[in-house]
Structures are given as structure tokens and as C-alpha cells.
Amino acid sequence: MSPSRLSIAALACLFALGLASAKAAPVLQIYFIDVEGGGATLVISPSGESMLIDSGNAPPNAERDTKRIYAAMQLAGLKKLDYLFITHYDTDHAGGVATLAKMASIGKFVDHGDMDTAWFQNPNYDERWKNYLAAASGKRMIVKPGDVVPLKGVRAQVVSANGEVLAKPINGGGPNPYCDTAEQKDPDKSENSRSAGLLLSYGKFKFLDIGDLTWDKEMALACPVNKLGTVSLYQATHHGFWHNVSGAPPHVLSIQPQVVVVNNGPRKGFDGPEKFEKIAKIPGIEGIWQGHLSLFNDKDHNTKEDMIANLEPSEQCQGHWIKVAIESNGKFTVTNSRNGFSQTYQAR
């Protein structure tokens, strides 16, 4: 074979290897599982390790939600959950733990610390807490702001937990001009205010999920200094600022998410046109995706129908999910399982 032909053959071989490598390049995957306005977000890191953020609702809906979680796990090729990260112990976020623990193997349970059963004053919560401790026995990891959950392939940093928030800015955060005329609210003493929140980083891509963190704690993260920097993808706090308990403008505006996913239900979260407008007016917003069509809002205050996973009321709901696939170069694609519609964005 002549030198020129050898060079061409070698280049062709290298090109083929490059294509194979590109096809096999690992991605970060995030599934927003429909648990009817509850919380269940499945993260599969590029290394293949997994973390489920919240477990869906308590009985009588726990079996329905756990089946949807398990279906997403199977779709992602998972045989177990390496981490179950519980933002807080409200019914719609931690109610499904006992049912999930029977259906799936869970490596570590990550939470903000013990439940304040005195605040709940409800025997059902006492029982749920006992069930949680039984499922998590010997596997529990209690976190505080600044801690990192060792999920391989990404950086998963805790930004809030047990009523506390980060002491210092991360991710390039700094002075926040939106604080000057911001509305302050009285401290919230509910379990929502104790939500453990995560900033998940994969190169340029940043994903923020702070559960149902309350307005006063959002303000503590945002003012006078934005402690979170800007993010690529944001799971709207409290299912789309439910009852105005969450959604402090200095927080929402300063993190400047490119894409927002609202894990709402037909009549849970995203309750009113002003909630949609708050997201739509974020500087640089590129996409709004919803778990459900909000029956509180008219057509103009829901996102485009192609970007809504479930259009029916709960009784007819099929539990379609929203998936985000993130490449190492910061490109991320959001897909609606209901219709296959997808859009691709580039992390700034």
C-alpha cells in the first residue's frame, strides 16, 4: 500500500473511532416524573450513578407514584437507586418512601435531619417518620448547606437544609440588584422552610432544585448577595410558587434560568396567571415546560401545549414525564414523553 493510501486509511480509521467515541459519550439525564404535583426527579449521572430527589405522594397514591418512578428507572436501565435525596418530609415529597423502599434497592438516604413531629401534630406524620427511619436505617446521610453529595460524574452541592442556607456565594454569585425594593415576608416555620436544596453542576450546565423552600429562605439565598449564581435549568420552587409561599423575585430573577420545569398538577401549583408571568419575564428565559396543564390558568398563561407533559385532569392522567439529556459540552435537550416533542439549548 502506498504512503498516501496508508494515510487515508489511517485517517478513516481515526474518524470512525471518533464517531464511535462521540456516540458513546456519557450524558447526564434528568427525568421529571409525574407524581401529580408532588416531587420525584430522577438524576442519572454520566458515570451511571443515580439519585432520586423526593419519592412522590403518600398512600393512597404511593403505589401509583412508585410505579411511575420504577418505570423511569427501567427506562434509564437502572437496577437500584444509589441515593434518595429527600428535600423535606411533606406528604407529596416523602410520603412514598416506604412503598418505594419495598420496590427498589436504595443505597443512601440523604435528608436535612430529623422531622419536627411536634410541628405536624398529626399521628399520620408520626407513622410516616417511623417508616422513614426504618427504611433508612444504617443508610442515612444528614446534610447541611455547603455539603456535597458524592454522586460520581457531577457536583451535587447542598445549598439549603434544615432552615439554613449557604454562608457564602458559589457558582459566581455576587451583588444582587433585584434586592433594593424586594418584598420581605415573615419567617416561615413550616417543614417547607427546612427544605434541602441542591445545585447540580456538570461543566457549564447547572440545575437547581430547592424543593418547597419558602420566600424568606429564598431571600436569604438572594439578598443582599445572590449566593447561587446563574443556572441553566430550574425546577420552579414549590410546584410553581404555590400560594405565593415561594417565588421571591430577587431569587427567581437573579438565578436567570434558561429553562424552567414546573412540576405542577392540574390543580396543584402554578395557581394564577401571575405565576406564569413571573417565569416568562425572567431575563433570557428560553423555555418553560410543565408537568401538567394548569386548570387555574387560561391558555395564554400556560406554556405551549407541545411543552406540557399531561393535558388531562388527574383521573385520566397517563403520567407522562419530561426528560432532559445533557452533554459534556453544555448542550441539553428537553423531551416531552407525551408527544416526543423536544428542544435543544446550549448552557451559557
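The values are calculated or read from the model by the stated rules, or taken from the named source; none is laboratory data. What you are looking at is a predicted structure, and each value in this text was computed from that prediction instead of being measured. Here the Cβ positions follow ideal geometry from the backbone for every residue, glycine too, while neighbour counts run over all protein chains shown.
Descriptive notes on the structure:
- Ala135 being under 22 Å from Gly96 (Cβ atoms), part of a helix (DSSP H, G or I) and within 24 Å of the chain's Cα centre (by Cα): yes
- Taken together, the criteria exclude Asp126 from residues that are buried (at least 20 other Cβ atoms within 10 Å of the Cβ) and either closer than 27 Å to Val334 by Cα or not polar (S, T, N, Q) (or both).
- Residue pairs whose Cβ atoms lie under 6 Å apart, separated by 6 or more positions or on different chains, with the first residue in the stretch 43-65 and under 14 Å from Gly95 (Cβ atoms) and the second among the charged types (D, E, K, R) and crowded, with 20+ Cβ neighbours inside 10 Å, are Gly56/Asp65; Asn57/Asp65; Asn57/Asp92.
- Residue within the stretch 97-118 that is more than 29 Å from Glu315 (Cα to Cα) and in a helix (DSSP H, G or I) present: yes
- Among the residues of the stretch 332-342, those identified as more than 10 Å from Ser232 (Cα to Cα) and within 18 Å of the chain's Cα centre (by Cα) are Thr333, Val334, Thr335, Asn336, Ser337.
- Index of the failed condition, Met115 passing every other in (1) at pLDDT 95 or above; (2) of a type in the set (A, V, I, L, M, F, W, C); (3) under 22 Å from His238 (Cβ atoms): (1)
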